Amino acid sequence: MNSQLLYSRLGSALLALAGLLISPGPAAGAQARTGADDAVGADKRTVLITGANRGIGLEFARQYSEAGWTVIGTARHPETAAELDQFAAKVMQLDVTDPSSVDRLAQDLTETAIDLLINNAGIQPLMWTLAELDFDAYEQALAVNTVGPVRVTHALLPHLRAGKLRRIVNITTNLSSIADNKDGGFYGYRESKAALNMFTRSLAAELGPDGFICIVLHPGWVKTDLGGPQAPLQVAESVRGMRGVIDRLAPADNGTFRTYSGEQMAW
Ligand SMILES: NC(=O)c1ccc[n+]([C@@H]2O[C@H](COP(=O)([O-])OP(=O)(O)OC[C@H]3O[C@@H](n4cnc5c(N)ncnc54)[C@H](OP(=O)(O)O)[C@@H]3O)[C@@H](O)[C@H]2O)c1
């Protein structure tokens, strides 16, 4: 290193130290942001979120963009996703049940490395008894909640391999837990998310050796169109919690099932 460069680096280090000593610290109520989550000033990270036009997906887009990430948000109808447009660098069309839509997304992103994929898009048919089963609704739940994330992950794997973080987060539900299912009901929803959990375990086993961390996350019972107005959790709090969990992921977490507050769930 030449002496000019050495002095300039020493100067910067001293300035940074002085800044630390006189910094008043975060303002009251401000969120402390550390590590991989704070992409401002560091390498910009890229997250792709499915179903990002409303609910939990939209809030992921809002919070990641506020934290300085490059957000790619997908919507079935981008022309009506005005709110997402405010936070996302790109709003892309995606219906996870449509193979040509998934292929187009992967092709349009050919040159784009993705650090974090959040398979968030999901539906919850409400069928409580066998007598109430509607097989079209049942199959649609499997198509959106299980086959959809498998298809999207398969198509975007080259983009994720090109990323630095190599994280895949599949949004599940506590209702997918076989161990916890004492009450039944939620036909179609429980099974489709339990299959997503199993897919995630297989992904974790296959991709873990390549440095990937693949998990399923339960967002809590959240006030969205899906969760309903009686849900106790605000969407901002759920997503803040899930971002914290994602930010703290270590290799030992690969293949785990966690809640938005970081607790391990029984499979
Ligand atoms: N809210 C809760 O209490 C709760 C609890 C546990 C788990 N979850 C899970 O969290 C995730 C997000 O739920 P949410 O509460 O935010 O639900 P939401 O408000 O109903 O939003 C669902 C999102 O998924 C999209 N979507 C539905 N079908 C799709 C398809 N075929 N292709 C692409 N996108 C599709 C929707 O797009 P459109 O606007 O085009 O329909 C919308 O953007 C889901 O996986 C859900 O199972 C939610």
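Every read-out reported here was derived from the displayed coordinates using simple, explicitly stated rules and does not represent laboratory data. This structure is a prediction, so every number in the text was calculated from the model and none was measured. For neighbour counting, all protein chains shown are included, and Cβ atoms are generated from backbone atoms with ideal geometry for every residue, glycine included.
Return the whole-Å distance between the Cα centroid of region 106-182 and the Cα centroid of region 200-250.
12
Go through region 214-220 residue by residue and turn each phi into a ³J(HN,Hα) via Karplus (6.51, -1.76, 1.60, θ = phi - 60°); whole Hz please, and just put x for glycine and proline.
Taking θ as phi minus 60°, the curve returns 10, 9, 10, 10, 9, x, x Hz for region 214-220.
What order do you get for K164, K193 when you list them from fewest to most C-beta neighbours inside 10 Å?
Ordered by Cβ neighbours within 10 Å, fewest first: K164, K193.
What order do you get for S202, S238 when you list them from fewest to most C-beta neighbours inside 10 Å?
S202, S238
Can you count the Lys pairs in region 35-259 with C-alpha separation below 28 Å, eight or more apart or on different chains?
Taking the Cα cut-off of 28 Å, the pair count is 9.
Order these peptides, 239-249, 142-152, by their mean beta-carbon neighbour count within 10 angstrom, highest first.
On the way: 239-249: 19.3, 142-152: 21.6.
Those peptides, ordered most packed to least, come out 142-152, 239-249.
Suppose each label sits 7 Å from its Cα in the direction of the beta carbon; what would the A162-A89 distance come out to in nanometres?
1.2
Only Lys, Arg, Asp and Glu count, each charged at its Cβ (+1, +1, -1, -1), so figure out the dipole size of region 35-259 about its Cα centre, rounded to 20 debye.
Roughly 540 debye for region 35-259.
With a 10 Å Cβ neighbour count serving as the proxy for reagent exposure, in which order, fewest first, do E83, E59, E191 appear?
Working: E83 15, E59 26, E191 18.
Taking fewest neighbouring Cβ atoms as first place, the list is E83, E191, E59.
Determine the sum of side-chain charges near Q234: Lys and Arg each +1, Asp and Glu each -1, restricted to other residues whose C-beta is under 10 angstrom from that of Q234. The partial results should precede the final answer.
Numbers: positive: K223, R240; negative: E59, E237.
Here the count lands on 0.
Which shape class, rounded, prolate or oblate, goes with region 35-259 when its Cα gyration tensor gives a ≥ b ≥ c as root eigenvalues, a/c under 1.5 marks rounded, and past that a/b bigger than b/c marks prolate? Present the calculation step by step, with values, prior to reporting the outcome.
Details: a/c = 1.44, a/b = 1.37, b/c = 1.05.
Rounded, since a/c falls under 1.5.
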